Amino acid sequence: MKPRNNAAWLFLIPSAAILAFVGIVPLVAVFNYSFHDIFSLDQAYWVGTQWYEEIASSQRFRASLGRSLVFSALVIAVQFSLGIWIALLLSRAPRYRTAVLMLLAIPLVVPWNMIPIMWLNLVNPDTGLVGRAFEALGIGFDYKFTALHTWLLLIIMDTWHWLGLVVILVYAGLSAIPPAYYQAAAIDGASRLQVFRHVQLPRLAGVLSMALVLRFVDSFMIYTEAFRINAGGPNGATTFLALDLGENINGFSYGIAAARSVIYFLMVLAVAWVFRLVTQAREGSEE
Amino acid sequence: MKAAGPIAGFVGFALLAAFVLLPLAQTLLLSFLSTLPREGIPEGQPTLLNYRNIVAMPALREAIVNSIIYALLNVLLCLAVGLPAAYAFSRYRFVGDRHFFFLLLAFRVTPPVVLSLPVFILFAKFGLVNSPVGIALAHCLFNIPITIWILESFISAIPRELDETAFLDGHTLPGFFVKHLVPAIAPGIGVAAFFCFIFSWVEVVIARILTVTAGKPITMAINALFGFQTDIGLVMAMTVVSLVPGVAMIWFVRNHISRGFVVRA
């Protein structure tokens, strides 16, 4: 057991100071702005909870929230089923292991605003490899004006970007399972599905919840990639929560932008809190 | 367990590789084509012109240097403040340790767009706008948590006896950190450095809002290339350049890559 020593806080001072400066102070500021109407930095007027009431009663906010939730649900469904499946295959085919893991890591190091540019060029009907193939096959792909196609492009692009994270984490979780578990399952004559359900899945709970919290918050707050693809269009069909916020900031509506920021932060915080509770409950049951 | 058939395995691997490599191949292809009508070079002709243009354009050269500077500065900052914090979490329990851990999680998952505005106003007051120091500092928000999590797991793998013998040998605390702890967790330092560098390198929202007139990062330099007549070949060449450090570093951390996505609560 680790010794108890409050002097250990001295080790935390440098990081706590930086986090206070770049995290706490801006958070307090944004909380303060959210109760003001801000014309400029010197002209701010107290408006109470007006912005919050406006957001809570706005049809647009509810629509964006709905779209963001659906987007997160879809990318999580796609990326987790594909990711778990690939990781399971990798654990059985060690020959491709390093190559696949390194391959899947490449999209993670691409600057975020480059990803939509790459994909838009890929589906460009004049110069893109996929765009020209669609053209030749007579498949009409119109991400600009057909909402379904915009959604498809966003989901495929996001999967390209983040599939590696899910595979890498699940694979790491799988390699941490002691071989004795598999031997015991083999003696019991367990099928592959039973092994997955009763041996692998319970041992993957930790890494899966990690991947889930990271994938949820990032997809729920998708901004750079989605904005570049179609700026929230067509007709607002891909206007997610963060795109509304970006629009407020670009339109200099700082008061309502701040209120929106507070609401989004609280949503993300709630997700992190649930993750913490779940993790602690699991650790408690393992001890 | 029965191994998947070698042919099925190969086909699956090829499909996956095609999916991942297709956008990259497209980017690489366009980066070697002349994509604007130019005198003497027909459109669509293979050329090295785009890469030569990067070298010839000061704005692009400077952007590459700017990005490297703030990403490296961020790595140094995160390691310098993250190492003692990780040591404290690894070796001691103290009042508020779990709350601090939750704070790290909260900052790791806070979307940068939520804080972009107040961070800009705050940094403007301290003269940190348009400077790589500002971006390096702002990126600590999500990189300090990652550093602490990674280093804590590496330090916890080292027995306490290392600390105790070092102190018995008369090492001071800084001496112990530099001479014993850092060499013992060298791979962990490398892994943490890799992830700080990468997450700082790919971040766009904060890097954009903190560079108004100067100090533009590589991502913004690429955005600035879009206009009335976009030279997409040049854009793609710049994108290829922006991929080089990350792809090169993946090789070095290939066995530790899962550590960067570890989340603690």
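The values are calculated or read from the model by the stated rules, or taken from the named source; none is laboratory data. Note that the structure is a prediction, hence the values are computed from the model and not measured. All Cβ positions, even for glycine, are placed from backbone atoms using ideal geometry, and neighbour counts span all protein chains on display. When the accessible area is computed, the model is the full protein with side chains, heavy atoms only, and any ligands, DNA or RNA have been set aside. Shrake-Rupley method; radii C 1.70, N 1.55, O 1.52, S 1.80 Å.
Below 8 Å between Cα atoms, with a sequence gap of 6+, how large is the relative contact order for chain B in percent?
This gives 32 percent for chain B.
Consider just the alpha-carbon atoms of chain A and return their Rg together with their Dmax, both in angstrom.
Computed over the Cα atoms of chain A, radius of gyration and Dmax are 23.1, 75 Å.
Using amide H atoms built 1.01 Å from N in the peptide plane, name the residues 5+ places from B:R38, or on other chains, whose amide H lies under 5 Å from its own.
Under 5 Å from the amide H of B:R38 lie the amide H atoms of B:E43, each far enough along the sequence or on another chain.
Can you list the aspartates and glutamates whose alpha carbon sits under 20 Å from that of A:K144, skipping same-chain ones fewer than 8 residues off?
Qualifying aspartates and glutamates at Cα under 20 Å: A:D126, A:E135, A:D158, A:E225, A:D244, A:E247.
Taking a probe of 1.4 Å, how large is the accessible area per residue of chain B, in Å²?
On a per-residue basis, 41 Å².
Any chance you could look up the accessible area of B:C140 with a 1.4 Å probe, heavy atoms only, rounded to 10 Å²?
0 Å²
Accessible surface of B:R93 in the full protein assembly, 1.4 angstrom probe, to the nearest 10 Å²?
About 70 Å², ignoring ligands and nucleic acids.
Using a 1.4 Å probe and counting only protein heavy atoms, how much accessible surface gets buried when B and A come together, both sides summed, in Å² to the nearest 100?
Protein heavy atoms only, the B-A interface buries about 8400 Å².
Using 0.36 nm per residue of separation minus the Cα-Cα distance, give me the extension gain between A:Q194 and A:W85 in nm, one decimal.
37.7 nm
Sorted by accessible area with a 1.4 angstrom probe, largest first, how do B:L151, A:L89 fall?
A:L89, B:L151
Could you tell me what a quarter of the Cα convex hull surface of the stretch B:148-265 works out to, in nm² with one decimal place?
10.7 nm²
With a point put 7 Å past each Cα toward its Cβ, work out how far A:I187 is from B:E62 in nm, to one decimal.
7.1 nm
What percent do you get for the relative contact order of the stretch B:1-133 when only Cα pairs under 8 Å and 6+ apart count?
Normalised by residue count, the contact order of the stretch B:1-133 is 15 percent.
Which listed residue (A:A73, A:F21, A:M118) has the Cα farthest towards the positive end of the charge dipole for the stretch A:1-131, taking +1 on Lys and Arg C-beta and -1 on Asp and Glu C-beta about the Cα centre?
It is A:A73, whose Cα lies furthest towards the positive end.
Write down, largest first, the equivalent ellipsoid semi-axes of the stretch A:108-181 in whole Å, where each equals the square root of 5 times an eigenvalue of the alpha-carbon gyration tensor.
Value: 34, 14, 11 Å, ordered largest first.
Roughly how far apart, in whole Å, are the Cα centres of the stretch B:219-237 and the stretch A:38-101?
Between the Cα centres of the stretch B:219-237 and the stretch A:38-101 lies a distance of 28 Å.
If you average the sequence gap of Cα pairs under 8 Å that are 6 or more apart and divide by the length of chain A, what percent do you get for the contact order?
The normalised contact order for chain A reaches 28 percent.
Using heavy-atom solvent-accessible surface (probe 1.4 Å) with all chains present, what is the largest-first order of A:Y264, A:Y96?
From most accessible down to least: A:Y96, A:Y264.
Check A:D37: other-chain or 5+ apart residues with amide H under 5 Å from its amide H, H built from backbone geometry?
A:Y45, A:W46, A:V47
Each residue of the stretch B:153-167 in order: what ³J(HN,Hα) in whole Hz does its phi give by Karplus 6.51 cos²θ - 1.76 cosθ + 1.60, θ = phi - 60°, with x for Gly and Pro?
Whole-Hz 3J(HN,Hα) from phi for the stretch B:153-167: 5, 6, 5, 5, 7, 9, x, 4, 4, 4, 4, 5, 5, 4, 5.
From the mean inverse distance of alpha carbon pairs (Kirkwood) and the Cα radius of gyration, derive Rg over Rh for the stretch A:202-287.
Answer for the stretch A:202-287: 1.13.
Report ³J(HN,Hα) in whole Hz for each residue of the stretch B:96-113, in order, from the Karplus equation J = 6.51 cos²θ - 1.76 cosθ + 1.60 where θ = phi - 60°; Gly and Pro get x.
Result, rounded to whole Hz: x, 4, 5, 5, 5, 4, 5, 4, 4, 4, 4, 6, 4, 9, 5, x, x, 5.
If amide hydrogens are placed 1.01 Å from N in the peptide plane, which non-local residues have theirs closer than 5 Å to the one on B:R93?
A:R4, A:N5
Along the charge dipole of the protein assembly as shown, Cβ charges K/R +1 and D/E -1, which of A:L89, B:P217, B:P46 sits furthest on the positive end?
Result: A:L89, furthest along the dipole toward the positive end.
Under Stokes-Einstein, with the Kirkwood radius over Cα pairs standing in for Rh, what whole-number D in µm²/s applies to chain B at 25 °C and 0.890 mPa s?
The estimated diffusion coefficient comes to 115 µm²/s.
At 1.4 Å probe size, what's the solvent-accessible area of A:Y52? Round to the nearest 10 Å².
The value for A:Y52 is about 40 Å².
Rank B:Y51, A:Y223 by accessible area, highest first, at a 1.4 Å probe radius?
B:Y51, A:Y223
Which whole-Hz couplings ³J(HN,Hα) result when phi for each residue of the stretch A:230-241 is put into the Karplus expression 6.51 cos²θ - 1.76 cosθ + 1.60, θ = phi - 60°, listed in order with x for Gly and Pro?
Working through the residues one at a time gives 8, 6, x, x, x, 6, x, 5, 10, 7, 8, 3 Hz.
Taking the Cα atoms of the protein assembly as shown alone, what are Rg (to one decimal) and Dmax (as a whole number) in Å?
Rg, Dmax (Cα atoms, Å): 24.4, 77.
When the chain is fully extended, how far beyond the present Cα-Cα distance does B:V55 get from B:L36, taking 0.36 nm per residue of separation?
So the extension gain works out to 5.0 nm.
Have a look at B:L24, B:G82, B:W201 and report the one farthest towards the positive end of the charge dipole of chain B, computed about the Cα centre with Cβ charges (Lys/Arg +1, Asp/Glu -1).
Going by the Cα projections, it comes out as B:G82.
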